[in-house]
Amino acid sequence: MKTLYDVQQLLKQFGIYVYVGKRLWDIEVMALELDHLHEGHVIDDQTYARAKLVLRREHRLEESQQTKKDSL
């Protein structure tokens, strides 16, 4: 699991489709859904950890891009 798309495909396997309308918010909701799947023992620790790392990276990138846009 390396990309946000991979995380979306993982969530889709469980019938979870996330679209809030803003990419940053989508990432945050995906992280919450992932937490729920892990707490319910639906996904294993390794899958959870990899997906969380991807989401953290994407969240950081999105925040930095938003900061650049706001400063213009």
### Filter result (assigned to a loop (DSSP other than H, G, I, E, B) and either hydrophobic (A, V, I, L, M, F, W, C) or in contact (Cβ under 8 Å) with a residue 12 or more places away in the chain (or both)) within region 14-56
Phe14, Ile16, Val18, Val20, Val42, Ile43
#### Entry: Filter result (loosely packed, with under 13 Cβ neighbours inside 10 Å, part of a loop (DSSP other than H, G, I, E, B) and not basic (Lys, Arg)) within region 1-13
Thr3, Gln13
### Message
Restricting to region 54-72, name every residue that is surrounded by 13 or more Cβ atoms within 10 Å (Cβ to Cβ) and not acidic (Asp, Glu).
### Response
Val54, Leu55, Arg57, His59, Leu61, Gln66
### Query
What number of residues within region 12-22 are of a type outside the set (Val, Ile, Thr) and within 17 Å of Lys52 (Cβ to Cβ)?
2
### Task
Being of a type in the set (A, V, I, L, M, F, W, C) and exposed (fewer than 13 other Cβ atoms within 10 Å of the Cβ) narrows it down to one of Leu37, Leu32, so name that one.
Leu32
### Selection from region 1-54 of residues that are over 27 Å from Gln65 (Cα atoms) and of a type in the set (D, E, K, R)
Glu39, Asp44, Asp45
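Only the coordinates and a few stated rules stand behind these numbers; no lab work does. As the structure is a prediction and not an experimental result, all values here were calculated from the model. Glycine also receives a Cβ, built like all others from the backbone with ideal geometry; neighbour counts cover every protein chain displayed.
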